[in-house]
Structures are given as C-alpha cells and as structure tokens.
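Shown next, in structure tokens, is the structure this report addresses.
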Amino acid sequence: MLTEDQLHDLNQPLLAEHHLQFDYLADLLARRGQDAHQLILQLVEFQVAIPSWALGTGGTRFGRFPAGGEPRSLEEKIGDVGLLNQLNGSSNSISLHIPWDIPQDIAGLHQLLKEQGLSIDSMNSNTFQDQKEQAHTYKFGSLSATDRAVREQAIQHNIDCIRYGTDLGAKVHTVWLADGSNFPGQSHLRRAYLRTQESLAAIYEALPSDWTMLIEYKPYEPNFYSMVIPDWGTSYTLCQSLGQQAQVLVDLGHHLPNTNIEQIVGRLRQLGRLGGFHFNGSGYGDDDLTTGSAKPFQLFLIFNELVDANQDTSLTASTVAYMIDASHNTKDPLEDLLQSVDNILGAYAKALLVDRTALQEAQEANDTVRAEEILRDAFLTDVRPLVAEAYRQSGGALHPVRAYRAAGVRQQLIAQRGKFSLSTGL
Ligand code: LRH
Ligand code: MN
Ligand code: MN
C-alpha cells in the first residue's frame, strides 16, 4: 500500500505543469459551453473492474516471460488491485475466475476488500480447461456437450461460481464458452445450440434475483470451424430465451477484423441487452493488448455510442459492467492495466465532449462532413488534464504509471514475493 504522503510527494513535482494545462483546457471548454468540473465528476464516478488473471504475465503458447513479484494468492491479487486503485481511483473492483481464484477464508477476504475499498465485480466460470479432480473432460465441450454428465458437471461448476460470488458480495456471473468444433460435420450445429440453451437455463434458475448473467461471444478460438456462441446475435437470442437478467457481454477482442463494434454496442443498448464489456486492444483477434493502444478512435466511437444512449431519454437506463480482460507477455501487467484504464477514461472523456445537438442537426441534414468534424473535434481534444485531475480528486496520482515507477512498486513486489512467483491464470 502507498501512503497518502507518498502519493502527495509523487504529485508535487507535476502540479505546476498540471495546473497550467488544466486551466487552459477548462477555459477552452468553457468557451464551448462545457463545464470541466462537471466532466471531472463523471470521470471520477467511472470505474473499470480489473481481472484477477491480468495481474500476472499471460504469455503465449510459445513462451512466458514473468515480470517477477506476481501475486501468488487471491489475497495478493486483491492487494495489487488495491494498489492500482490507489494510483488512479478508477479500479475499485475485481473480476474473479474460478477455479483460479477459489476463495478460502471468506471473512478474511471481506475484511481485506473493505480495507482496500474494493468489491468483487464479476465471477467467471471456467469450462475450457480440465481440472485435476474433475470427473469428465471438456475436450468436446461443456454446456453444449453431447454427454449429459459433462453438461451437468459444467452446470454445477457455474452454480458453484455463483455460490462463491454470493459469499463475496458479487452480483454478476459471466459465462464464456470455449465450446465448438474444429471440423465440418464434427458437431450438429443446431443441436449444440439447443443443448447450450438448456444448460444455460439451468444455471439461470440458480441466479439470485439481484444478479446479472453475462453471456460472452467469440467467433473463433479455441475452436476454429464453429463456436457455439460465435456472435452477438447468438448471445442475444440466448439472453432473450433466458430472461431479463441475462445480458450480452462484448469483449472487444472477440470480433473478426474490421467489425463495426460500436454499431453492435449501439444495437445492444437499444435492445436493452448490453450488460458488460471486456476491454482490451486487438488488431487481429483476441490479442488481449492494452485497451486503446492501437485503435483509440474505435474506442472513442464505442464510448460515443454509450454516452449517446445514456443521454437518450427514450431508452431505459441500463447498468453496464465495465471490465478489462487482457493479459500479455511483454509489459509489467500493472503498468499495462494503468495504461488501459487511462485510455478508457480518455475515450470516455472525449465522448462526453461531443456536441450532441450539433451532431444530430448535421445528421438530420445529411451533412456528412460536419458530422464527422464534430466527432473529430472531440476526439482530437487533449483530455489528459481532465483525466489527471479526476485521478487527483480521487486521491490518486496525476500520472499513475510515472508514480508507480517512481515509487518502485514492482521492485518491492519482487522483494516480497520473489522473482519467479507465479500467478494463476492464463
Ligand atoms: C476468452 C476470454 C473469456 C475468459 C477470459 C480468460 O477468450 O475472453 O472472457 O473468461 O478470456
Ligand atoms: Mn473476455
Ligand atoms: Mn478473450
């Protein structure tokens, strides 16, 4: 844990320049009729959950290059998220993956979460790997398997996840299925869907009434001929058949290249089925890179849809779970997460700047250039002083990555946990 004094000292050398930049931006925005302080309040409120499996180096199937000092237990993972949240005030919850994060000491975990000002965001089931004591293999699927015993085991696992989550105060359960087939003819496509629907209905029945069940889609990997839930349409129809507590989860990396993700987001929001996000960055597929690193304009356009829908009084208000889902090989995982949250907040801030009245006028008048210019004006505004001020007002660091390095966090974690400590996860 960093102390308040430490954070204060880390901010001190950056303050003069920050004020200069912030005052300039606030004046500029005021001229355009926008209130910087109002925008900051919205940024301070915005929270993105951190996945427990992103706190260690993910690696690829070819190799893994551990950062050192990786968390060895759920308690240490919570500690790492607490650190991130101290630095940016924007990551006050954590997503857990079962069985990587099976909670043991429930009372102790509650105490720890309270001390760190954190909560559990979403539980995630894992029926894509076989575990040691497991009776049946998931080699040929889980909730869609032809073998009833496999399906029952997978259903029970999901119900167990909900039970762990209930113990820890979570309210969201996420189901991502690796189920599918690798070869034409291997699986009966319609029957696989129907079995999945039936299994999901059994899980949904065990869902407490104040919980949401998120259904995540992915077009390929680990199966490459067909995935049982390959796209948002399939997730959507499954949700429709389950009930209002079932919602679609959009993982940015789970689309074929060039998919118009912002349109999917707008569509789901309009249909009242947008339940959550897994943010990450992707150029080819499920690359799991830093959110917004390669396609910042796309991230902005996604937030533009969200902000627009939130301001549309004809739509019912919705609760969207914002989560990161990324883990990779080259960066310090905590630095990567700080960068991801920073890019997410930046995209959100820019979307808040869009002049919606002018945009609507331009759209209605079919003024293509004007409409695009309005978006470009917002996107090209340097909002970093707003985001920095939001961090500062939440008691965090003006520049979280710099503060993290200056405080020598990774070196301390290595000293405590060792150079070769391994985190459970991908
Ligand atoms: C699948 C996925 C899903 C899993 C996570 C580890 O690619 O995005 O969300 O739970 O990765
Ligand atoms: Mn995901
Ligand atoms: Mn993924």
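Conditions tested, residue by residue: (1) touching a strand residue (DSSP E or B) at 6+ places or on another chain (Cβ under 8 Å); (2) farther than 24 Å from Pro222 by Cα; (3) part of a strand (DSSP E or B).
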site: Ser91; (1), (2), (3): yes, yes, no
site: Ala107; (1), (2), (3): no, yes, no
site: Ser122; (1), (2), (3): yes, no, yes
site: Arg151; (1), (2), (3): no, no, no
site: Asn158; (1), (2), (3): yes, no, no
site: Ala170; (1), (2), (3): yes, yes, no
site: Arg191; (1), (2), (3): no, no, no
site: Arg195; (1), (2), (3): no, no, no
- prompt: In this structure, is Glu45 charged (D, E, K, R), without any contact (Cβ under 8 Å) to a residue 40 or more places away in the chain and within 17 Å of Gln416 (Cβ to Cβ)?
  reply: no
- request: Test each condition in (1) on the phi > 0 side of the Ramachandran plot; (2) within 16 Å of ligand 3 (Cβ to nearest atom); (3) modelled with pLDDT of 95 or more for Ser235 and report the one that comes out false.
  value: (1)
- line: (1) in contact (Cβ under 8 Å) with a residue 40 or more places away in the chain; (2) within 16 Å of ligand 1 (Cβ to nearest atom); (3) outside any strand (DSSP E or B) all hold for Ile302 apart from (2)
query: Here are Ser235, Ser209: which of them is more than 16 Å from ligand 1 (Cβ to nearest atom) and among the polar types (S, T, N, Q)?
result: Ser209
query: Do the conditions hold for Phe224, that is, is it in contact (Cβ under 8 Å) with a residue 12 or more places away in the chain, within 16 Å of ligand 3 (Cβ to nearest atom) and over 24 Å from the mean Cα position of the chain (by Cα)?
result: yes
query: Looking at the range 273-296, is at least one residue within 16 Å of ligand 2 (Cβ to nearest atom), in contact (Cβ under 8 Å) with a residue 12 or more places away in the chain, β-branched (Val, Ile, Thr) and not in a loop (DSSP other than H, G, I, E, B)?
result: no
field: Residues (within 14 Å of ligand 3 (Cβ to nearest atom) and in a loop (DSSP other than H, G, I, E, B)) located in the range 209-221
entry: Tyr217, Lys218, Pro219, Tyr220, Glu221
- prompt: Taking the range 243-253 as the region of interest, how many residues are without any contact (Cβ under 8 Å) to a residue 60 or more places away in the chain and in contact with a strand residue (DSSP E or B) (Cβ under 7 Å, 6 or more places away or on another chain)?
  reply: 6
query: Mind checking whether some residue in the range 241-249 is within 28 Å of Leu87 (Cβ to Cβ) and either within 16 Å of ligand 3 (Cβ to nearest atom) or out of contact with any Cys (no Cβ under 8 Å at 6 or more places or on another chain) (or both)?
result: yes
message: When you scan the range 293-301, do you find a residue that is within 12 Å of ligand 3 (Cβ to nearest atom), touching a helix residue (DSSP H, G or I) at 6+ places or on another chain (Cβ under 9 Å) and either modelled with pLDDT of 95 or more or not polar (S, T, N, Q) (or both), even just one?
response: no
- prompt: For the range 162-196, what are the residues that are hydroxyl-bearing (Ser, Thr, Tyr), under 21 Å from Cys239 (Cα atoms) and more than 16 Å from ligand 3 (Cβ to nearest atom)?
  reply: Tyr193, Thr196
- prompt: If a residue has to be modelled with pLDDT of 95 or more and more than 16 Å from ligand 1 (Cβ to nearest atom) to count, how many in the range 114-142 make the cut?
  reply: 12
query: Before we move on, is Leu252 within 16 Å of ligand 1 (Cβ to nearest atom), surrounded by fewer than 19 Cβ atoms within 10 Å (Cβ to Cβ), at pLDDT 95 or above and closer than 27 Å to Leu338 by Cα?
result: no
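The values are calculated or read from the model by the stated rules, or taken from the named source; none is laboratory data. Fair warning: this is a prediction, and the values are worked out from it, not measured in the lab. Here the Cβ is made from the backbone with ideal geometry for all residues, glycine too, and neighbour counts use every protein chain on show.
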